[in-house]
1. Just need a number here: residues in region 62-96 that are open to solvent by less than 30 Å² (accessible area, probe 1.4 Å) and closer than 17 Å to residue 48 by Cβ.
2. Given the residues 21, 30, which is the only one that is in contact with a helix residue (DSSP H, G or I) (Cβ under 7 Å, 6 or more places away or on another chain) and open to solvent by 70 Å² or more (accessible area, probe 1.4 Å)?
3. Strands (runs of 3 or more DSSP E) wholly in region 144-200 with at least 2 residues that are in contact (Cβ under 8 Å) with a residue 40 or more places away in the chain - which ones?
4. Tally the residues that are in contact with a helix residue (DSSP H, G or I) (Cβ under 8 Å, 6 or more places away or on another chain) and either surrounded by 14 or more Cβ atoms within 10 Å (Cβ to Cβ) or acidic (Asp, Glu) (or both), restricting the search to region 168-194.
5. Would you confirm, using the coordinates I've provided, whether residue 38 is polar (S, T, N, Q), at negative phi and open to solvent by less than 70 Å² (accessible area, probe 1.4 Å)?
6. Specify the residue that is least open to solvent (accessible area, probe 1.4 Å); the eligible residues are those in region 44-61 that are more than 24 Å from residue 144 (Cβ to Cβ), of a type in the set (S, T, N, Q) and in contact (Cβ under 8 Å) with a residue 24 or more places away in the chain.
7. With respect to residue 85, determine if the residue is touching a strand residue (DSSP E or B) at 6+ places or on another chain (Cβ under 7 Å), in contact (Cβ under 8 Å) with a residue 60 or more places away in the chain and among the basic types (Lys, Arg).
8. Quick one: would you say residue 165 is surrounded by fewer than 18 Cβ atoms within 10 Å (Cβ to Cβ) and under 24 Å from residue 7 (Cβ atoms)?
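The values are calculated or read from the model by the stated rules, or taken from the named source; none is laboratory data. Keep in mind that this is a model prediction, so the values were computed, not measured. Here the Cβ is made from the backbone with ideal geometry for all residues, glycine too, and neighbour counts use every protein chain on show. All accessible areas refer to the heavy atoms of the entire protein, side chains included, with ligands and DNA or RNA removed. Shrake-Rupley method; radii C 1.70, N 1.55, O 1.52, S 1.80 Å.
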Amino acid sequence: MKDLIDYLEEHVDGKTLATEELIYELENGELQGVYSDQMSFSSLKYNKSSCQWDMFIVSNEKIWEMTAGKPDKLRKDFSSVGLFRFELAKRHSSGKITGSFRFISATGKDVPANGIVSGIYDVQLEDQVLSLMEDQTLYRDQPIADGKFKAIAFKARHKFYLDQEKLHYHYDGESFDVDTVSLLRKESGDHFPPFVSMEK
């Protein structure tokens, strides 16, 4: 646990990063998402067996309906200022580090992360690379065509690493469609590119 805390204290806490604009497709090309952000990591707190830190994100995310292969009508604007929190602890039973990643608050009236909590596991710190797995609990809403929504959940690998002495944050998420009655998941046809943020 000490190695993890030392890494966060030296390389992550207090850093501000930016994600350049990314474009992704949803619903077999019927919708197009455009995303960019600026994020800051702060408020690191810890004791002998646990730690937490915040992720503050100013995001610009719009979902467009496509006509003849071009963005035509704004379907949803998810742009907001949001606060998320990582909380990790070393388990006495296994010696492993697990925890949660959760949404705290945001501006905007219709934020897709509302009420969302993820489990964190497979925490690894090797060669100055911190990686962890996130598995979203239950589901969130994803816009689809005709003004409707579908239930989805994400499973993602987060990585923090240094490149030319600058902190980089890499998020690689896989989307699953969720049956809201059984809560069973199946692989979604939507595919998102990795999000890479770099220290400013």
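1. Residues meeting the conditions: 2.
2. Going through 21, 30 in turn, the sole match is 30.
3. Ranges flagged: 149-163, 166-178, 195-199.
4. Qualifying residue count for the region: 1.
5. For residue 38, the condition - polar (S, T, N, Q), at negative phi and open to solvent by less than 70 Å² (accessible area, probe 1.4 Å) - is not met.
6. In this case the residue turns out to be 50.
7. no
8. Yes; evaluated as a whole, the condition is true for this residue.
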